[in-house]
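The values are calculated or read from the model by the stated rules, or taken from the named source; none is laboratory data. Just so we're clear, the structure is a prediction, and the values are computed from it rather than from any experiment. Glycine gets a Cβ as well: all are built from the backbone with ideal geometry, and neighbour counts include every protein chain shown.
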Amino acid sequence: METIYPLRNKRIPIIHASPDTIFFGDYPIPVQISSHHLAWFNELSGDRSAGHAIKELLAQHGQEIDHIEYAAKALISHGLKSAALLDLHALPTLARWTGEAGSGQKRAGDPTASAQTHAQLVYSDSDHVAIAQLIDLRAETPIAIVGTSPLAHQLREIATQENWQVTTSELGAACVIFVSESHPDVCDHDNVLGTRRTHLHVAARHGGSVIGPLVTPGETSCLRCAYLHARDRDPNMPQRTIDWRNSQRFACTDPHISAMSAHFALLVVRAWMDGWDMGDTAWEASLPLGQFIPTPRPVHPLCGCKLGKSPTHLD
Ligand SMILES: [Zn+2]
């Protein structure tokens, strides 16, 4: 605990379950707390180590020392797990950088602290240091967005506003998002099959949208697999693809479907960055409510995109 510099993150509220039991925001484990401990907890400002802060608390009490120390350590442990506390010495790099000129209080209020809060709640198995590294990884992983349609511009705008690393170079990107706007089932990009990078296909038109598959070459199904499955279902797919692609300059996607597609695509990429398995799936949405529903995108036996992999990887 000597190496942890706890800082109260006011974005996580204290919710009283009873006079001496609280929850830290959404954190599911109830925590026993006295009013004295609560006041002490709320004043942790990152300016001294947890060990030092606990000694100060003990100095205010003459008795029941063991009990007080145990309760304080539990508070710090649950505080870090729930993001009700941040460790000033293990904040994401971005938060340290933006908060340099400010006080501890100001640091807790920067946008990275809310990202940390969110990640801490979703990845409750990780410790607070791993969470800070996850936030850094998200901030440092470059993506490229390929396409000139309104949806592609909207994606770029949202990603930039949300502090993503958006690069114009496909070669410098860890993940490339290909945006099509001729039809949800049609890919407008011929070069997509040649890319060796992880890529996500995002396609929309009128009131429909398909996000995915997220392709990691050699590991997951690809866009050729998706095309071959579509051709199996509809022998006219080759002609339909040409007809739709010829119409793409008249792209007209519902603005809400377009905005939701942009946000959802970025959520898929962020989950992939965080280590979730997002392959072999597409998410389809349509009006009136536009919920994204997962559908399987299996490998096609004639595609060959998994050639070179051992047979155990074929399915
Ligand atoms: Zn394939």
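Only one of the listed residues (A74, A113) is under 30 Å from L58 (Cβ atoms) and at pLDDT below 85. That residue is A113.
For the condition of a type outside the set (A, V, I, L, M, F, W, C), within 19 Å of H263 (Cβ to Cβ) and in contact with a helix residue (DSSP H, G or I) (Cβ under 9 Å, 6 or more places away or on another chain), what is the one hit in E170, E181, E219? The match here is E181.
For (1) touching a Cys at 6+ places or on another chain (Cβ under 8 Å); (2) of a type outside the set (D, E); (3) within 16 Å of the ligand (Cβ to nearest atom), each residue gets a yes or a no:
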{"position": "M237", "(1), (2), (3)": "no, yes, yes"}
{"position": "P255", "(1), (2), (3)": "no, yes, no"}
{"position": "V269", "(1), (2), (3)": "yes, yes, no"}
{"position": "T281", "(1), (2), (3)": "no, yes, yes"}
{"position": "P294", "(1), (2), (3)": "no, yes, no"}
{"position": "P298", "(1), (2), (3)": "yes, yes, yes"}
{"position": "C303", "(1), (2), (3)": "yes, yes, yes"}
{"position": "L307", "(1), (2), (3)": "no, yes, yes"}
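Of all positions in the stretch 72-92, at least one carries a residue that is among the basic types (K, R) and surrounded by 17 or more Cβ atoms within 10 Å (Cβ to Cβ).
Each residue in the stretch 122-170 was checked for being touching a strand residue (DSSP E or B) at 6+ places or on another chain (Cβ under 8 Å) and either assigned to a loop (DSSP other than H, G, I, E, B) or on the phi > 0 side of the Ramachandran plot (or both), and 7 of them qualify.
Going by the conditions given, is A84 at pLDDT 90 or above and either more than 20 Å from I131 (Cα to Cα) or assigned by TED's automatic domain parsing to the domain that holds W164 (or both)? The answer is no for A84. Inspection of the stretch 240-258 finds a residue satisfying the criterion of being within 26 Å of P142 (Cα to Cα) and surrounded by 15 or more Cβ atoms within 10 Å (Cβ to Cβ).
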